[in-house]
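Novice: Below you will find the structure I want to go over with you.
Each value in this text was obtained by applying a stated rule to the coordinates, not by laboratory testing. Computed from a prediction, not measured in an experiment: that's the story for all the values here. In this analysis, Cβ positions are derived from the backbone assuming ideal geometry, glycine residues included, and neighbour counts consider all displayed protein chains.
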Amino acid sequence: MRDDMELTEFEAAEFLDLSETDLRQKRQRGEACAFITRGQKISYRLCDLKEWRDMHKKPSQPRAFMGEVW
């Protein structure tokens, strides 16, 4: 996929592993990545989604098993 490719709200949510509702709420609160509006249609550029995703990655946590880290 090209980085300048535009994705629908559904595709963007799927790419970020979010529900459409979660993505919409983040956008409305100003917490989501840059987006494009054309009338009432919302789209996201792939490069913006990748940048936002990478900025919001959580470090992996060690797994606990019966109170021990393994």
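Novice: Among 3-14, 37-48, what's the highest-first ranking by average C-beta atoms within 10 angstrom per residue?
Specialist: On the way: 3-14: 15.2, 37-48: 13.4.
Going from most to least packed, we get 3-14, 37-48.
Novice: Please give me the summed charge of the neighbours of LYS41: other residues whose Cβ is under 15 Å from its Cβ, Lys and Arg +1, Asp and Glu -1.
Specialist: Working: positive: ARG24, ARG27, ARG38, ARG45; negative: GLU6, GLU9, GLU11, GLU20.
Once all neighbours under 15 Å are counted, the net charge is 0.
Novice: Sum up the charges of everything whose Cβ sits under 11 Å from the Cβ of ASP4, counting Lys and Arg as +1 and Asp and Glu as -1, but leave ASP4 out. Could the numbers behind the result be given before it?
Specialist: Working: positive: ARG2, ARG45; negative: ASP3, GLU6, ASP48.
Its environment carries a net charge of -1.
Novice: Check LEU7: other-chain or 5+ apart residues with amide H under 5 Å from its amide H, H built from backbone geometry?
Specialist: Those qualifying (amide H under 5 Å, at least 5 residues apart or on another chain) are TYR44, ARG45, LEU46.
Novice: With θ taken as phi - 60° and the coefficients 6.51, -1.76 and 1.60, list the Karplus ³J(HN,Hα) couplings across the range 47-55 in order, rounded to whole Hz; mark glycine and proline as x.
Specialist: Result, rounded to whole Hz: 4, 5, 5, 4, 5, 5, 4, 5, 6.
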